[in-house]
Ligand SMILES: C[S@@+](CC[C@H](N)C(=O)[O-])C[C@H]1O[C@@H](n2cnc3c(N)ncnc32)[C@H](O)[C@@H]1O
């Protein structure tokens, strides 16, 4: 059954057909994927269910919507219609944030554009001493975020704070100005003209995917606000489109309030997130001073 399902998924253009067929079968049989070979096989009802889910996947419903969960670092998050499905490449940005946060015993970490809470909840789980603030605007995404936050808190992780707000608001999180140790953001960043895959087009909310005409419409105000929110020496990590490996570091350098600007590749070696440190004096250098540092 799994082999046949994998063949059908491959015919439908699914990129990892065998893995997805196994994950669907494991979900229907309610066993971990690694124990699939030991399972007894489908009952008639399970087989019906398997075929129904297979048809929906062939119609390009995301696997994570079918199973209702998405794995992210050490978490299993609830996802479904109205929220962006967290991606493996974002695990790297979250991991970078965790590593930077470790330098302090009680870091203040902010996750802008939080979606399901993947980044914020990973930081809260991996850095129990952190205060984590997650900001999201979409009411539908906020429902998923609050549900995941409540589930993780019930499981014993440090509770996060959820703020419903627009990250492009110049007054965002005014009470935290100059205090944030690590600010992370996976914003909508795909340029409007890009044709995305059917899984994305039909199921990830547009406002989670597209970042205006050039893909930088949310990134620009986020960089400006990060420069206000971060303490001197505080750190910013921001995910971007793979065509923006020069543009986003360029925006960070051009702001003048960041140094040690670097870009980082994802697991497929494509440019994926930029990081920078808020200048120790927190100020833009005086006119005429050279201030573009370390961009790679
Ligand atoms: C690419 S998704 C990232 C979600 C999550 N951080 C992750 O990595 O899976 C971008 C998120 O930003 C939210 N968003 C878009 N524009 C926003 C804005 N102006 N203010 C707050 N959230 C926004 C979307 O609703 C979406 O949940």
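Points to keep in mind about this one:
- Treating r as the C-beta distance of residue 166 and residue 262 and R0 as 25 Å, the FRET efficiency rounds to 0.35.
- Crossing angle, helix 17-29 versus the chain [Cα axis fit, 0-90 degrees, rounded to tens]: 70
- The chain: angle of helix 88-101 to the longest principal axis, Cα-based, in degrees nearest 10: 40
- Cα-based shape type of the range 72-278, given that a ≥ b ≥ c are square roots of the gyration tensor eigenvalues and the cut on a/c is 1.5: rounded
- Folded to 0 to 90 degrees: helix 219-229 orientation relative to the chain principal axis, Cα: 60
- Model label zone, residue 52; criterion: amide N under 17 Å from point 7 Å along Cα-to-beta-carbon; scope the range 1-38: 24-30
- Spin-label model distance (nm) - residue 246 vs residue 280, 7 Å beyond Cα toward Cβ: 3.2
- For the range 2-59, the square roots of the Cα gyration tensor eigenvalues, ordered a ≥ b ≥ c, give a/c of at least 1.5 with a/b no greater than b/c, which places it in the oblate category.
- Each helix, a run of at least 4 DSSP H residues, gives -39500 (n - 2.57); summed and divided by the residues of the chain, these come to -11000 deg cm²/dmol at 222 nm.
- The distance from the alpha carbon centre of the range 37-77 to that of the range 215-237 is 38 Å, rounded to a whole number.
- Taking 82, 115, 68 as the candidate residues, the one with maximal mean-square fluctuation in a Gaussian network model of the chain, Cα springs under 10 Å, is 68.
- If the segment from residue 224 to residue 76 were pulled out straight at 0.36 nm per residue, it would be longer than the present Cα-Cα gap by 50.0 nm.
- Gaussian network model of the chain, Cα within-10 Å springs - most flexible of 61, 228, 171: 171
- Extents of the range 1-142, largest first, come to 53, 33, 25 Å (Cα atoms, principal axes, whole angstrom).
- Residue with peak Gaussian network fluctuation, the chain [Cα springs, cutoff 10 Å], from 55, 242, 111: 55
- The modelled label-to-label distance for the pair residue 143/residue 42, using points 7 Å beyond Cα in the direction of Cβ, is 3.0 nm.
No lab work stands behind these numbers, since they all come straight from the coordinates. Quick caveat, the model's predicted, so the values are computed rather than measured. Backbone-built Cβ (ideal geometry, glycine too); neighbour counts: all protein chains shown.
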